[in-house]
Structures are given as C-alpha cells and as structure tokens.
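Heads up: the structure comes next, in structure tokens.
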Amino acid sequence: PRISYYDGGGEKYSMDAVSFIADKHPELFFDIYTTKSPLAPTSRYIQFKKEAPSNVRIFEFNVPDEFRYLYNIEPGTLRYRWDIESYYFANILLRKLGSEIKPDLIWAYYLMDFPFTAGIPTVLNLLGYPREKVQYREALLSQYSKIVAISTNVVHKWNDVLDISIKEYEV
C-alpha cells in the first residue's frame, strides 16, 4: 500500500494493517511505495517507519516538480488534491514496474491509487464510501482484481451511489 504523510483514518488503518499482517506472517514481505512529501511527516508515520517489522520495507519517491503545487493545498480540504496526487503517484510507479519493482500483488487503499492491472493482481481496500455519484468510479472499480471492504455497510453505501453494484468482495 501507499502510506501517506497525512494522518487521517485511511492512513492510520493502512499502517496498522501492514504492521499487523507483517507481524503475524513473517514469511510475507511488504514493499511500501509512497511519495516523499514536501510536507512534514506526522509523528505516526515517523513512528511507523521506525517500528516497522523487518519484513516491511518503505520506499519513498521524490515528488516531481510538476506536482509540487499540490502540497500548497491543505490536506483534507479538496478531493481533487488527493486524486491528482494519486494519478502522479501511479504514473511514477507504472514507469518502475517490471524493471525496478516486481510485486506479486498491489494493495491500494484509495480508488485512484492504482486501478491499473499492468499484469499484476490489484486489490482495492474500501475503508469508507463516497457521498455522491461520480461518473468515473465504476470504470476504476472494474479495473481492480479484487475488492476488500472494512464492512458490508461500506459496500452497501458504495452501491447506493453507483450505477452498477459491487457484487464480489471480501470483508
């Protein structure tokens, strides 16, 4: 998963989930790819990096100049900011897939983070749900190999704002 410098619920959940699974399954290896934000990291992220189990590696990509402007927008105030950051992040990762990065599976916590199969299974973990319909969501959801949700209620709420229904998922 991409781990964020921002200290919201999804970011905490992804750090906790990786730590928990890595600790319980030392035979699994997690490579976490994220952007090295120009913003100061949260104490939670600093602690996660320091205390990550030995089977967790964190790689931080430098933020290209063309999207540094996003960090002038206060985190959590504009959805566009997260979407564009995710687009740039996925673009960086796609260029490295197959050469520098060879994962068995890509796990994402945000719809926009990696809806590209690139021949690698991709999992989307739904932590929350949207308030209103946005046309592109169905197309992005259909690109993921698997959908995992934090609860069935989250899937029901997604289905309330989609033209299609998420039928296959795991909780």
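The values are calculated or read from the model by the stated rules, or taken from the named source; none is laboratory data. For clarity, every value in this text was computed on a predicted model and none was experimentally measured. Don't worry about glycine lacking a Cβ; one is built from the backbone with ideal geometry, like all the others, and counts go over all protein chains shown. Only protein heavy atoms, including side chains, enter the accessible area calculation; ligands, DNA and RNA are left aside. Shrake-Rupley method; radii C 1.70, N 1.55, O 1.52, S 1.80 Å.
Within region 4-38, the set of residues being modelled with pLDDT of 90 or more, open to solvent by 30 Å² or more (accessible area, probe 1.4 Å) and touching a Leu at 6+ places or on another chain (Cβ under 9 Å) comprises just one member, 21.
Of all residues in region 111-125, those that are without any contact (Cβ under 8 Å) to a residue 40 or more places away in the chain and farther than 16 Å from residue 97 by Cα have Cβ atoms under 6 Å from Cβ atoms of residues that are polar (S, T, N, Q) and not in a loop (DSSP other than H, G, I, E, B), 6 or more apart or on another chain, in 112/86.
Could you list, in sequence order, the residues of region 44-77 that are free of Cβ contacts under 8 Å to residues at least 24 places away in the same chain, part of a helix (DSSP H, G or I) and surrounded by fewer than 16 Cβ atoms within 10 Å (Cβ to Cβ)? Across region 44-77, the qualifying residues are 46, 47, 49, 50, 65, 66, 69, 72. If the condition is being under 20 Å from residue 11 (Cα atoms) and of a type in the set (Gly, Ala, Ser), then region 129-164 contributes 149, 151.
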